[in-house]
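Colleague: This is the structure I have questions about; it appears just below.
Read-outs throughout are calculated quantities, based only on the coordinates presented, and are distinct from any laboratory measurement. Everything quoted here is computed from the prediction, not taken from an experiment. Reconstructed Cβ throughout: ideal geometry from the backbone, glycine too, with neighbour counts over all protein chains shown.
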Amino acid sequence: MKPPSLLRPFVLLAGAGLLVTACGSAAPTSSSSPSDTTGSAPNTGAVGNTATTARVALTYDGGVLVLDGTTLEVAADLPLAGFNRLNPAGDGRHVLVSTADGFQVLDAGTDIGSGTGNPALTDLVFAADTPGHVVRHAGRTVLFADGTGEITAFDTDALSADTKPETEVIASEAAHHGVAIELADGSVLSTLGTADGRTGVRVLGPDGTETARSEECPAVHGEGTAADEVVVFGCKDGVLMYEAGAFTKLQAPDAYGRMGNAYVSETSPLVVGDYNSDPDSEGYLLSELALIDTTAGTLKVVDLPAGVEYTWRDVARGPADEAVLLSADGTLNTLDPTTGEIRQSWDVIDPWTSPEEWQDAHPALTVHGNTAYVTEPAKQRILAVDLTSGEVVADATLPATPNEIAVAAA
C-alpha cells in the first residue's frame with residue numbers, strides 16, 4: 001500500500017457569500033422542436049446481442065467500440081472518422097458522441113427488454129458548432145456548444161434512438177469553451193466568457209431572468225454538483241461555489257492554483273478536483289489534488305506521494321463516495337475524499353508517461369458500481385477491477401487503441 005498523501009499546512013475558509021443581480025439577460029430563445037435530424041438508420045457493426053445491464057464505449061482513431069460491461073467482449077465496432085469524445089446521456093442507454101456535426105446519439109443497446117440489444121450509432125444529432133461539455137442533473141441533460149455558446153437542455157428520459165426530445169435552447173452572452181447545468185427548480189447556471197478568456201458564472205431563473213452573477217472565477221472550467229445541490233466550478237485561482245442563490249469564492253492557497261475538473265458524488269458534500277500550482281509545468285501529469293468541503297466551505301490542497309501522478313482522465317468517485325485515482329506508476333488507488341490519504345493501492349497496468357497533447361490516447365478510468373474500468377492504450381487493453389478487493393475480474397485485448405471511455409448502464 002502506498003504511503004498517506006501529504007497535506008499542505010494550509011486550509012482556507014470560504015469568503016463571504018456574494019450575490020449579484022442584473023437585468024436584461026438572455027432568455028431562452030426557443031423551446032421545442034424535433035427536428036435537426038431524426039430517425040435511426042443505424043450502422044450497427046454488431047457482433048452479438050448479449051443481454052447486459054452495462055456497456056462500455058471506447059473511441060479509437062476511426063471509430064467507436066462498444067463492449068459488454070461484464071465480459072469486455074466487443075458487442076459492436078462502429079466506424080466514425082475524426083477525434084470524437086464520449087459522454088453518457090444519463091438515461092442508462094445512450095452515449096453522446098461529440099462529432100464534427102454536433103452531439104450524435106449512440107444507442108449502447110442496454111435496454112434488452114425492448115428487443116434492441118445491438119449497439120448502434122444512430123442518425124440522431126443535436127447540431128452544435130464545436131460540441132463541448134455534457135452535464136446530467138435532476139433529470140435534465142444539458143449540452144454546451146463552444147463555437148456559439150448555445151446551451152441545449154432536454155429531459156434525460158425523453159431521449160430515444162428514434163425521435164429527438166423537446167429541447168430548450170439558451171443563448172450565452174458570447175461563444176466560449178463553457179459548461180452549463182440545470183438545477184431541480186429549473187434555474188440554469190452557465191459560464192461567462194469569450195473566445196479570449198473566461199471569467200465566471202451567471203444564473204438564469206426558470207423564466208430566463210438573471211438572478212445572480214459572479215465574475216470571480218478566471219479561466220472557469222468544469223462543473224460538479226455535490227450533495228444538497230451545491231455546485232462548484234474550477235478557476236485558475238481556486239473554486240467558485242454556488243448554493244441557495246449565492247456565490248462564494250474559495251481562494252486557492254497558491255497565487256496560481258488551477259482546478260479544472262470536479263469529481264463529485266451527489267450523495268456527498270465532498271468534492272475532489274484536479275489541481276495545478278505551477279503555471280510553467282510541462283505535460284499533463286498532476287501530483288496535487290484539491291479537496292472541497294461544501295458544507296464547511298473549505299478548500300485544501302494535498303500533495304500526492306512520490307510517483308503518484310494523474311491526468312484529468314484518471315480520477316473518479318467510487319461506490320462509497322471515495323476518490324479513485326489511476327496513477328502513472330500503474331497503480332489504481334482509492335483515497336479518502338476528506339484527507340486525500342490513500343486507503344488502498346493495486347498494481348494494475350504498466351507505468352506510463354504524460355501524453356504530448358491532451359487528445360492523445362493515454363490510460364483512462366471510469367467507475368460503475370463496484371467496478372473500475374481501466375484502459376491501457378500501449379497494449380490495446382482494457383481491465384475491469386473490483387474496487388472492493390482490487391481483483392481484475394475481466395481483461396481484454398482490443399482491436400484498436402482506446403482513447404475516450406464512457407459507460408451506459410440500464
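Colleague: Karplus couplings for the range 166-181 from phi (6.51 cos²θ - 1.76 cosθ + 1.60, θ = phi - 60°), rounded to Hz, Gly and Pro as x?
Modeller: 4, 10, 10, 10, 10, 8, 7, 5, 7, 5, 6, 6, x, 7, 9, 9
Colleague: Return the long-range amide H neighbours of Glu309 (sequence gap of 5 or more, or a different chain), with a cut-off of under 5 Å between placed amide H atoms.
Modeller: Sorted by chain and number, the residues that satisfy this are Ala328, Asp329.
Colleague: Now for a separate question. Rounded to whole Hz and in sequence order, give me ³J(HN,Hα) for the range 101-106 from the Karplus expression 6.51 cos²θ - 1.76 cosθ + 1.60, θ = phi - 60°, writing x for Gly and Pro.
Modeller: Karplus-based 3J(HN,Hα) across the range 101-106 equals 8, x, 9, 8, 8, 9 Hz.
Colleague: So between Asp61 and Ser389, what do we pick up on full extension, going 0.36 nm a residue minus the alpha carbon distance?
Modeller: Stretched out fully, the Asp61 to Ser389 stretch lengthens by 114.7 nm.
Colleague: Further question on the same structure: Using a 10 Å cut-off on Cβ atoms, rank the peptides 225-233, 313-321 from the highest mean neighbour count down.
Modeller: Descending packing order for the listed peptides: 225-233, 313-321.
Colleague: Determine, from the Cβ-Cβ distance of Tyr256 and Thr397 and an R0 of 45 Å, the FRET efficiency 1/(1 + (r/R0)^6), rounded to the nearest 0.05.
Modeller: Here the calculated transfer efficiency is 0.60.
Colleague: OK, next. Is the C-alpha gyration tensor of the range 94-169 telling us rounded, prolate or oblate? Criteria: a/c under 1.5 is rounded; beyond that, a/b larger than b/c is prolate, otherwise oblate.
Modeller: Verdict is prolate for the range 94-169.
Colleague: Among Val105, Ser277, Pro363, flag the residue with its Cα farthest along the positive direction of the charge dipole of the chain, charges on Cβ as +1 for Lys/Arg and -1 for Asp/Glu.
Modeller: Checked the options; the winner is Ser277.
Colleague: Can you list residues whose amide H is under 5 Å from Ala76's amide H, if they're 5+ apart or on another chain and H is modeled 1.01 Å from N?
Modeller: Placed amide hydrogens put Val47, Val66 under 5 Å from Ala76.
Colleague: Under a straight-distance cross-link criterion of Cα-Cα below 16 Å, which aspartates and glutamates are reachable from Lys236, leaving out those fewer than 8 residues away in the same chain?
Modeller: Straight-distance partners of Lys236: Asp196, Glu215, Glu216, Glu223, Asp254, Asp274, Asp278, Asp280, Glu288.
Colleague: Give me the distance in nm between label points sitting 7 Å out from Cα along the Cα-to-Cβ direction at Glu356 and Ala227, one decimal.
Modeller: Calculated label separation equals 4.6 nm.
Colleague: For Cα extents along the principal axes in Å, which listed value, (1) 59, 51, 47; (2) 58, 47, 37; (3) 57, 54, 34, comes from the coordinates shown?
Modeller: Computing Cα extents along the principal axes in Å and matching it to (1) 59, 51, 47; (2) 58, 47, 37; (3) 57, 54, 34 gives (3).
Colleague: Translational D (Stokes-Einstein, µm²/s) of the range 112-218 at 37 °C and 0.692 mPa s when Rh comes from the Kirkwood sum over C-alpha pairs?
Modeller: Reported coefficient: 221 µm²/s.
Colleague: Follow-up question, since we're still on this one. Between Lys379 and Arg343, what is the label-to-label distance in nm when each label sits 7 Å out along the Cα-to-Cβ direction?
Modeller: 2.7
Colleague: Order 380-388, 194-202 from most to least packed using the mean count of other Cβ atoms within 10 Å.
Modeller: 380-388, 194-202
Colleague: Given labels modelled 7 Å from the Cα in the Cβ direction, how far is it in nm from Ala296 to Ala246?
Modeller: 2.0
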